[in-house]
Ligand SMILES: Nc1ncnc2c1ncn2[C@@H]1O[C@H](COP(=O)(O)OP(=O)(O)OP(=O)(O)O)[C@@H](O)[C@H]1O
Ligand SMILES: [Mg+2]
C-alpha cells in the first residue's frame, strides 16, 4: 500500500472530527472520499498531508511513518495536495505560482522555470502564465491549484474538491486532466461532492460520516449501500428534488 492510515484521530478540544480512521490507498489507483458536509474529509486530508498532527494514529507513506512530519517533508516524500479554498498567491503570476511548486525539486531558476512550463502546458494554463493569478476565474484557479501541486512532482496527489464550482463542460475537461495525471503514474485520492466525478474516476470509494468510515467498496457498491443512501445520497437527492421544485415553482 502506498498510504496506510491506522486509527487516525483528530480532536479539536472535545470534538472529534476524525475518529479512528483506517484507510489503505493502493499505488496507481484513484480512491474517492465522499460524505456529507462536516464529515471530516478535509480534516483527514490535513492529517495525511501534514497540515495537522493527528491526535492519535499512524500514517505510513511508502512504508515510512509520516504522521506529524511537516507539510514540507510530506511534499519532499512525494505527497501533494490541493486545498478546498485555493492557496494561490493572488499577487503573483500564474507561472510564478507554479514555480513555487517546482522549486521543491529544482534549485536553479532556469530548471524550475522549465519544469513549471511543462506543468502549465499540461494543465492548459500556458496561455495565462503571465497573467496575475487573481485574474483567473473559478475553473482557472482550480487548475492552478492542481498545477502547483503537480509541479512538486508527487507520487500521490490529494484533491480536495478540486472540481467544485465548475460548469458541466469544465467538469468534463477537469476529469480529462485528472485521468491524464493518473495515467502519468500518479496515485490519486479525490474528495468530491459531485457524484458524476466520483463515479467516472474512482476505482474505490470510501464514505465518511461523523468522522468515521461507514462504507467502502467500488462506486457501484457504495452508492447501493443503504447506510450511504441514508447518510448522504438520500439527502443530496432530496436537495436536488427541492431545487428542482423551487426552479419550477
Ligand atoms: N480547525 C478546526 N477547529 C475546530 N473544528 C474544526 C476545525 N476544522 C474542522 N473542524 C470541524 O470538524 C468537522 C469536519 O470538518 P471538515 O472540514 O473536515 O469536513 P468535510 O468533510 O471536509 O466537509 P465539507 O464537505 O463541507 O468540506 C466539522 O464539524 C468542522 O466544523
Ligand atoms: Mg472539506
What single numbered condition from (1) in the same structural domain as residue 20 (by TED's automatic domain parsing); (2) touching a helix residue (DSSP H, G or I) at 6+ places or on another chain (Cβ under 7 Å); (3) modelled with pLDDT of 95 or more fails to hold for residue 130? (1)
Looking only at the stretch 30-60, how many residues end up being away from ligand 2 (no atom under 11 Å from the Cβ) and surrounded by fewer than 17 Cβ atoms within 10 Å (Cβ to Cβ)? 6
Condition check: modelled with pLDDT of 95 or more, part of a loop (DSSP other than H, G, I, E, B), within 16 Å of ligand 1 (Cβ to nearest atom) and touching a helix residue (DSSP H, G or I) at 6+ places or on another chain (Cβ under 9 Å). Does residue 5 satisfy that? no
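The values are calculated or read from the model by the stated rules, or taken from the named source; none is laboratory data. Nothing here was measured: the structure is a model prediction, and the numbers come from that model. Every residue, glycine among them, receives a Cβ derived from its backbone with ideal geometry; neighbour counts consider all protein chains shown.
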